[in-house]
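The values are calculated or read from the model by the stated rules, or taken from the named source; none is laboratory data. Treat the numbers as computed from the prediction; the structure is a model and nothing was measured. Because the Cβ atoms are built from the backbone with ideal geometry, glycine has one as well, and the counts that use them run over all protein chains shown.
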Amino acid sequence: MDDLPYKRLAECYEVLESTTKRKEMIEALVSLYKEAPKGIVDKLTYLTQGKLYPDYMGIEIGVGEKLAIKAISMASGRNENQVNELYRKLGDLGSAAEEALAGKKQVSLFSEQLSVGMVYDTFDKIAKTTGQGSIDQKLSLLSGLLSNAEPLEAKYIVRTALGKLRLGIADYTVLDALSIAYTSNQKNRPVVERAYNLCSDLGLVARVAAIDGLKALKGFKIQVGRPIRPMLAERMSSSKEILEKLGGRCSAEYKYDGERMQIHKDGSDVKIFSRRLEMITHNYPDAQELVIKNIMADKCILECEAVAVDKESGELLPFQQLMHRRRKYGVREAIEAIPISLFFFDILMVEGNDMTVKPYSHRRKKLTEVVKETERTKVAPNIVTSSADELDSFMLQAISEGCEGLVVKDLDGEYRAGARGYLWIKLKREYKSELTDTIDLAVVGAFYGRGKRAGVYGALLLAAYNKDEDMFETATKVGTGFSDEDLRKFYSILKQHVIEHPSPRVNSRMQADVWFEPYLVIEVIASEITLSPVHTVAWGKIRKDTGLALRFPKFTGRIRDDKRPEDATTTQELIEMYNAQLKKLSAPSEEI
């Protein structure tokens, strides 16, 4: 048999949804993978992620609630009002489909058992159906699936179609399961993860692991057109500490307040991916033109920051200005109103040569050879230094030119795709007893508003990311800094990600009114970081039975659309910031 009954996948989903224990999740997935024919493990993996293709391909199933309600009605024999009533009662359209089909009076003589391949292929047809009559075709395909579905299958078919599978599974959990199922040893997880970091396609990694094994995973190559998961920087508080960390000598380059881009060039074909690895080429046709004209390599992968520029003065503008470019319509008008400059800071591949394994100093030299410097295309300015004073002076220069600060880099460091470490270190404004730097946190819960805020969320529960545990640890509850429009926007965005209980990846001692799967990242500022008996970030790391929390947090007005929840400020960063704050408070004051 070259397929797997979809019912088996739905039963696995039930197990995953019912547990908050990562070990049980991994065991359920390992059992599923071992049972599945190797030829469908890519489809099985995508479906378990709630998608059909990797994110960078930008293909969504494209089913809305109204169409799903019609399909459930057609398949169950209930009218749409009855389906709507079930939806209101249960609060989940998948559960409404399950109950509607459980009460189906007659089973069709022609119904056939659904398989994983059949469900995937039908969803694929739905996603690719466009043009005149497409709504009716989508309805026919979805209702056909549901007519053949058992109630439990219908629950997950509808949730998948709506993009609301919500199993609480992280990519890292799937990577653990793949390493156990197909390499027989969870210690091979770093090999599996490296392959994923180089291609950003979990389905492809699953297929290669299942069919070709560990050797093929070790041989994974970078390919133009497939985005690489970006390398991330840690944060430290002083030039002196950074130099000590990097062995006394480093490179420092401007850190721009723009949108990080990964640019893939193959002749005149240019694809642009966001930090979250979404295809954003259509938002930046001007960036495409700049790359074609000013990148002196036929086939390459580059990283840059796109920064908005004031038309009159030529000065750099803040990140928020660029968000006007993130729309489907009026792109040409936006290009005219908000021109950009590209500041390149790394090269990952050139003419088929993998540059990620080369030291930073080598990559930087190659980058300067490839980028033709013009008014709108530049290599990020840098210095190589052994002096903390020189670093501080260069940072002040960067800030005076509209930048956030510096990224300081290990001259011998390789490019570690998908990793955060001390080969790259962010240096922003000097920390004082109060925080002057912003913090990016994931929204994991909310509290209902009262009075003027009735009907929306009055405060949000925010969490930092613990990369060692693959967990989100609460750091603050924030209710200030929001405009009425912000609150309406948050309610609209977050209602798509509501779950019934805390995500298995969220560690919280607080009880929120509403829980969300980690999805949205927002920027906050606070007066300081304090010890906390309530919040779980860095629990027990500073003092027994306490964590850390932000004091007097405030929303800055900036939603970090460019960041995945795993890109939020980390537990380790908050510990570093807390320790830096203590040093500042205990340091002797300067004489006047």
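Some values worked out for this structure:
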quantity: Restricting the range 350-372 to residues that are in contact (Cβ under 8 Å) with a residue 60 or more places away in the chain and outside any helix (DSSP H, G or I), the residue that is farthest from GLY402 (Cα to Cα); calculated: ASP354
quantity: Condition broken by ILE157, with the remaining ones in (1) in contact with a strand residue (DSSP E or B) (Cβ under 9 Å, 6 or more places away or on another chain); (2) modelled with pLDDT of 95 or more satisfied; calculated: (1)
quantity: Residue count, the range 245-296 (criterion: modelled with pLDDT of 95 or more, acidic (Asp, Glu) and in a helix (DSSP H, G or I)); calculated: 1
quantity: Subset tally (residues that are under 21 Å from ARG159 (Cβ atoms), touching a residue at least 12 places away in the same chain (Cβ under 8 Å) and assigned to a helix (DSSP H, G or I)) for the range 1-32; calculated: 16
quantity: One residue from LEU548, LEU574, LEU585 being outside any loop (DSSP other than H, G, I, E, B), over 22 Å from PHE482 (Cβ atoms) and modelled with pLDDT under 90; calculated: LEU585
quantity: Check on PHE482, in contact with a Lys or Arg (Cβ under 9 Å, 6 or more places away or on another chain) and touching a residue at least 60 places away in the same chain (Cβ under 8 Å); calculated: yes
quantity: Residue in the range 71-114 that is modelled with the lowest pLDDT, counting only those that are outside any helix (DSSP H, G or I) and closer than 27 Å to VAL498 by Cβ; calculated: GLY103
quantity: Pairs, first surrounded by fewer than 16 Cβ atoms within 10 Å (Cβ to Cβ) in the range 373-397, second β-branched (Val, Ile, Thr), C-beta under 9 Å, six or more apart; calculated: GLU373/VAL379; ALA388/ILE242; GLU390/ILE383
quantity: Residues being closer than 26 Å to THR546 by Cβ, at pLDDT 90 or above and not in a strand (DSSP E or B) - total across the range 482-510; calculated: 7
quantity: Restricting the range 551-563 to residues that are surrounded by 19 or more Cβ atoms within 10 Å (Cβ to Cβ) and not in a loop (DSSP other than H, G, I, E, B), the residue that is farthest from the chain's Cα centre (by Cα); calculated: PHE555
quantity: Which numbered condition SER140 misses (of (1) under 27 Å from LEU32 (Cα atoms); (2) part of a helix (DSSP H, G or I); (3) more than 29 Å from the chain's Cα centre (by Cα)); calculated: (1)
quantity: VAL456 being outside the structural domain of PRO318 (by TED's automatic domain parsing) and out of contact with any strand residue (DSSP E or B) (no Cβ under 6 Å at 6 or more places or on another chain); calculated: yes
quantity: Among the residues listed as LEU90, LEU16, LEU9, LEU29, the single one being over 28 Å from ASN197 (Cβ atoms) and not assigned by TED's automatic domain parsing to the domain that holds LYS495; calculated: LEU90
quantity: Residues within the range 34-49 that are assigned to a helix (DSSP H, G or I) and either surrounded by fewer than 21 Cβ atoms within 10 Å (Cβ to Cβ) or of a type outside the set (Ser, Thr, Tyr) (or both), tallied; calculated: 11
quantity: Candidate set from the range 513-542 (those that are charged (D, E, K, R), over 30 Å from PHE273 (Cβ atoms) and in contact with a strand residue (DSSP E or B) (Cβ under 6 Å, 6 or more places away or on another chain)); member that is surrounded by the fewest Cβ atoms within 10 Å (Cβ to Cβ); calculated: ASP513
quantity: THR474 being assigned by TED's automatic domain parsing to the domain that holds THR570, at pLDDT 95 or above and in contact with a strand residue (DSSP E or B) (Cβ under 7 Å, 6 or more places away or on another chain); calculated: yes
quantity: Some residue of the range 522-543 being without any contact (Cβ under 8 Å) to a residue 12 or more places away in the chain and farther than 15 Å from LEU460 by Cβ; calculated: yes
quantity: Flag if LEU67 is modelled with pLDDT of 95 or more, touching a Lys or Arg at 6+ places or on another chain (Cβ under 7 Å) and part of a helix (DSSP H, G or I); calculated: yes
